[in-house]
Amino acid sequence: GFALLPLAVPPAAAPGGCPSACYCVATPEQVQCRYERLEEPPKELPVTVHNLSIAGSNLSVLPLAAFAARPLPDLRLLRLRHDNIHTIEDMALQGLPALRTLDLSHNPLLSVAAGAFAGVPLLRTLQLNQALLAAPLEDQLALAMRNLSLRRLELAGNALRALPASLLPAGLEELDLRNNSLQRLVAAELRSLDAPGLRGLRLTLGANPLSCDCALRPFLAWLRSAAVARVPDARSLRCAAPPALRGAVLLRLRPEGLVCVDAEGGEPGRLETASYVFFGIVLALIGIVFLMVLYLNRRGIKRWLHNLREACRDQMEGYHYRYEQDADPRCASTVGTP
């Protein structure tokens, strides 16, 4: 931001003076409109303004040529932070041909028209920090940015769970992905970063909840090969999970130390192996106990088997005797005589 050393120029002073709700900082080339609850951009902007900052207002919608009641050919930086902007219509920035930096951070964007950024061919820096939380806008933004030649894109604090590959135009040099919800970059995302038009891209990844499991191995290998040149904050990246590695410096870990972790934070590979080992040990102990019981009671078991065999023999002899009695014809004739 700019130091607030305002030289307040009254609105009626001269054509092209400061708007009544704003300050000209040092010169009319830098204009700040802070927390004035503007419903629309001021109309009386100095034609020579280079930097315009509007913060804490309620602009809501940026319509066609929102800042060009008259053209501002020298405006290079436009900051619109905390202005409750939810819609950017086609050609909203018309009349700002020299604009190089646009800051829309901290706005609840819901709709971005396909031609929202038309008319600003020199735009090189787009700041959208904490501006994509209200709705999924990746497809809309990709369409709106298709003709831009961005060099820096800021997407910090947007709860992104994956690399927004569709928002990375060829030639992009800096990408800010800090404070999102990235757990890792998968192999396909790493390949997109190595595409010919993005090989010079530098990205910052701090304050993301990295999950240091086996799925992070490709990213760790890529990071080690490209850390200095492509990820300036690589040495400060730390693990957020699993609990055993929470807070560990990522670049100090070995790939073989990153074990596979399930959704509940366990380690399925090791857990499964340990379970099988434990089950085998339990079965072996049961078998040993059973054999010991048999050995210690071998005499009693032998006597029990002998008694069982004698009982079976007596039972069979009884059946055999009754069968012979039933089959004897003499017994049958005696029973049949009255």
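Just so you know, all these numbers are worked out from the coordinates, no wet-lab data involved. Here the structure is a predicted model, which is why all the values come from computation and not from measurement. Please note: Cβ atoms are built from the backbone with ideal geometry, for glycine as well, and neighbour counts cover all protein chains shown.
Quick notes on this one:
- Backbone N within the range 276-299 under 20 Å of label point (7 Å from residue 310 Cα along the Cβ vector): 298-299
- The range 164-260: radius of gyration and largest Cα-Cα distance (Dmax), Å: 12.9, 40
- Full extension of the chain segment joining residue 320 with residue 252 gains 15.9 nm, where the gain is 0.36 nm per residue of separation less the Cα-Cα distance.
- Residue 89-residue 161 pseudo-label distance in nm [points 7 Å out on the Cα-to-Cβ vector]: 3.5 nm
- Residue 37 versus residue 194: modelled label distance in nm, points set 7 Å from Cα along the beta carbon direction: 5.6 nm
- Subtracting the Cα-Cα distance of residue 133 and residue 283 from their residue separation scaled by 0.36 nm leaves 48.5 nm.
- Spin-label model, residue 301 to residue 225: label points 7 Å out along the Cα-to-beta-carbon direction sit 6.4 nm apart.
- Net length available on complete extension from residue 74 to residue 276 is 65.4 nm, with 0.36 nm assigned per residue and the Cα-Cα distance removed.
- Using a Förster distance of 22 Å, the FRET efficiency for residue 114-residue 60 (Cβ separation, nearest 0.05): 0.65
- Ranked packing of 102-112, 41-51, most packed first, by mean Cβ within 10 Å: 102-112, 41-51
- Using the empirical formula 2.2 N^0.38 Å as the baseline, the Cα radius of gyration of the range 25-150 reaches a ratio of 0.96.
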